[in-house]
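This report concerns only the one structure given below.
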Amino acid sequence: MKMRVRLLAVSGWLLGTAAAVLAQSPNPSVTADQARALFQNDVHQAAGLTCTACHDQAKGDQYAAPARAGIPKLCGSCHTNASYMKQFNPQLRVDQYPRYLTSTHGKQITKGELRVAVCSDCHGAHGILSVKDPRAPVYPTNVAKTCARCHADPARMTPFNKPATPPEEWSQSVHAKALLERNDTSAPTCSTCHGSHGAAPPDVENVALVCAQCHVREAELFRKSPKKKLFDSLAMPECVTCHSNHHIVEPQDSWLGFEGDIGCAKCHDDSIGGADVIKGDRKALDDLSAAIAAASDRLGRAERAGMIIDDGRAALREASDQRVLARVSMHAFAAQPLADDAAKGLKSAQLALADADAALAEVQYRRKGLAVATIFIAGFLVTLGLKIRRLNRGE
Amino acid sequence: MASLGAWLAERAPVGEIVEFLRHKRVPQHRYSLFYYAGGAALFFFIVQVVTGALLLMYYRPSAGEAFESVQFIMARVPFGWLIRSIHSWSANLMVGVVFAHLFSVLFLKAYRRPRELTWMSGMLLLGLVLAFGFTGYLLPWNQLAFFATRVGTEIPSSIPWIGPSLVRLLRGGPDVTGGTLTRFFGVHVAILPGICTILLATHVLLVQRHGMSTPPSIEQEIEASRRPGQSLPFLPHYVLHDLFGWTLALALLAALSAFFPWELGTKADVFAPAPAGIRPEWYFLWMFQTLKLVPAKVFGLEGEFVAVVAFSLGGLAMFLLPVIDRNTRTSRRIVSWTAAALLLYMAAMTWMVLRGGGQ
């Protein structure tokens, strides 16, 4: 009886474990026929590999699935071999496996935790596509969706004390807009900041380094600013404090001020020593934006009137570029170089305004010219009409 | 002055011409207004020649320079914007007036004996005016014109045997390139004006020779009343009426050019994908829409080919109309109803494209 109970307990545990492991992988299991069909589009198939390259313990037509914990090593057996890989693609990196071992996923799987991602969870198992293929789950526009399969699932994240909110937060960010709406594949997705094979959350002190990969000038100015020391002493993450991490929205000039609970106002009120600098920076940006809006409006009017305003448009572009620079210069947390950048922008906006005004004046000149010509033409027509009437009467 | 007149009269038949015109009379009736359409077309043609010659001084017919040269004309050349706008507006108004002239002649049956050759030379002139429009549209080398020309020059490819060769001949190669632009420029400023001048001279001469036609209904009314029909001396009465119309046309051209300058668009990029809303000039829209609506296969033949054949046969029938029409009451009625149906069809097809339903 005891023996039967033990057997039942062991069987139950085995079944439970198998079910749990199956539930861990976001890839559903496939039949041999489905696997063969998927493999037709696989990059490995195109490279001349066959089923046995991965399923080395095949018996006849039966291919056992590789053990989950062994998958990274199995893939790494080829993908770490530089001399082997270069015959397929000399540019292909061969450090994916060592990098994977440094990732949170890799560290956990080494400890025997099977609920973390392995190669096939992100790349697929039988229909692996090149990362350059827009259909691939690891193509830039698809990465967030692939990560979200696990990281947006509270059932998977809660056991690891991780929030399941980052994918949703990122989807509302300027980065997601750039990547998914404008198809700007240089815009950051999950792997851009966290790494792909070596995926791990950046430490507080490293966040700024990650952001600086793209936002070079902002980081440079911040490091030289008085804020750097202060943030370090308070253990505040540099960029994240004002911009958040995943839910990064488009910064507004109004953040430079003391209204609401955002930007400077998050920590300061206008009694602080640097309040004048903040107000000065804000005024410079507001003046520049107003000048750009006015120039844009008048150039539009001139263009609709049929004028060619290329010089004005070029000056307006220059003003807009200077505004971008000025907004970046705000990260110095000082009057300069923002004031200089804004002044240059203002000068360009005034040039654009002058061009628009000249074009609008030309439109008026043309209309006046036409009015004068019309008076002459009308006078001629009246004379002609009178002459015709006189002639007709004479008939 | 008198001696100059005598000097001229001795060397050229000026006296005979003046005498002829002094005695020439133009019928006056309720449809007389339509007589002025031909004169208006002539006026717009003269405007085209003058403004075209001025544009030639700055225009450069190459893919690398055409767009920039038109931009230069509009932005930097004094009154260049006006000349270019007048050229474009006048071209469109000319086509409109030419069609009005064509349909008025059709409805008033002015093509009847002995004016068959006047009608035929007029039909050839209509073809030339459309060719002027087609070749001139590409010259600014902007995006819309480039793709519209690509579509337009592709149409003959549906003709069996000679289609592909015709396309190559039109384009000067397998595709629309800078070579096509140079070719179109040559045709637009040299070949077409040359032929047009000869045909126009013939047409005007024939009009002067035969005088204005009186519509059959007016002829019958005159016959029934047993009184001679009303008429107007050509010199100076009709000429002054014509001058009045020309001056009005000039005022219209100036107003349109000043208030609605002709747009230049963006420079053609041969590698860019075709932009949305490609379409030819408005006077080709009815054919464009017909080609879009025609099924892929008609009686086992390529639909586009059938449409091209139908257009060609229609054009030929129009050309030969004075020979086909027996000038009986029934035949005249058939011509009127056919012309009305054609006009309605052209208007409906054009409207379909303009309202966006043809996209």
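Remark: spin-label model distance B:ARG333-A:ALA335 equals 9.5 nm, labels positioned 7 Å along the Cα→Cβ axis.
The calculated FRET efficiency for A:ALA155 paired with A:ASP286, based on their beta-carbon distance and R0 = 60 Å, is about 0.80. For the stretch B:238-314, trypsin sites (Lys or Arg not before Pro) are listed when DSSP marks them as loop and at most 14 other Cβ atoms sit within 10 Å of their Cβ; the list is empty.
Averaged across orientations, what area in nm² does the convex hull of the alpha carbons in the stretch A:221-306 project? It is 7.9 nm². Its relative contact order, with pairs defined as Cα atoms under 8 Å and 6+ residues apart, puts chain A at 10 percent. For chain A, complete DSSP H runs whose alpha carbons reach 15 Å or more along their own long axis and whose mean Kyte-Doolittle score is 0.5 or higher are A:2-24. Work out the charge dipole of the protein assembly as shown with +1 on the Cβ of Lys and Arg and -1 on the Cβ of Asp and Glu about the Cα centre, then indicate which of A:SER191, A:SER271, A:PHE88 is farthest towards its positive end. Final value for the positive-end residue is A:PHE88. Other residues with beta-carbon under 13 Å from the beta-carbon of A:ALA117 carry, at +1 per Lys or Arg and -1 per Asp or Glu, a net charge of +3. A straight line joining the Cα centroids of the stretch A:102-137 and the stretch B:234-271 runs 70 Å. If the chain linking B:ARG355 and B:GLU154 were pulled fully straight, counting 0.36 nm for each residue of separation and taking away their Cα-Cα distance, it would gain 69.9 nm. Cβ under 12 Å from A:ILE308's Cβ, A:ILE308 left aside: what net charge do those residues give with Lys, Arg +1 and Asp, Glu -1? Taking every other residue near A:ILE308 into account, the sum is -4. For the residue pairs A:LYS387/B:LYS109; A:LYS387/B:LYS24; A:LYS227/A:LYS266; A:LYS283/A:LYS344; A:LYS107/A:LYS162, alpha carbon separations beyond 22 Å are given by A:LYS387/B:LYS109. Charges were assigned to the Cβ only: +1 to each Lys and Arg, -1 to each Asp and Glu. The resulting dipole of chain A about its Cα centre is roughly 980 debye. Taking every alpha-carbon pair in the stretch A:275-360 and binning the separations at 10 Å intervals from zero gives 22, 44, 23, 10, 1 percent. Spin-label model, A:VAL216 to B:ILE324: label points 7 Å out along the Cα-to-beta-carbon direction sit 7.3 nm apart.
Mean-square fluctuations from a GNM of chain B, with a 10 angstrom spring cutoff on Cα atoms, peak among B:VAL308, B:VAL50, B:VAL18 at B:VAL18.
Based on C-alpha pairs under 8 angstrom that are at least 6 apart in sequence, chain B has a relative contact order of 27 percent.
Restriction of the chymotrypsin sites (Phe, Trp or Tyr not before Pro) in the stretch B:193-291 to DSSP coil positions whose beta-carbon has at most 15 other beta-carbons within 10 angstrom yields B:PHE271. Dipole magnitude for the stretch A:275-360: computed about the Cα centre from +1 point charges on Lys and Arg Cβ and -1 point charges on Asp and Glu Cβ, it is near 180 debye.
Annotation note: chymotrypsin sites (Phe, Trp or Tyr not before Pro) in the stretch B:26-102 located in DSSP loop regions with a Cβ neighbour count of at most 16 within 10 Å are B:TYR31, B:TYR58, B:PHE79. Ordering B:HIS23, A:TYR97, B:HIS241 by Cα displacement along the dipole of the protein assembly as shown toward the positive end leaves B:HIS23 in first place; charges were set at the Cβ atoms of Lys, Arg (+1) and Asp, Glu (-1). Each label was represented as a point 7 Å from its Cα along the Cα-to-Cβ direction; for A:HIS268 and A:SER83 these points are 6.2 nm apart. Shown is the FRET efficiency for B:ARG168 and B:LEU117, computed with R0 = 35 Å from the Cβ-Cβ distance and rounded to the nearest 0.05: 0.50.
By other beta-carbon atoms within 10 Å, ranking A:ARG323, B:ARG329 with the fewest at the front produces B:ARG329, A:ARG323. The angle separating the long axis of helix B:303-319 from the principal Cα axis of greatest extent in chain B is about 20 degrees.
No value in this document is a laboratory result; all are computed from the given coordinates. No experiment lies behind these values; they were computed from the predicted model shown. Note that each Cβ is placed from the backbone with ideal geometry, even for glycine, and that neighbours are counted across all protein chains shown.
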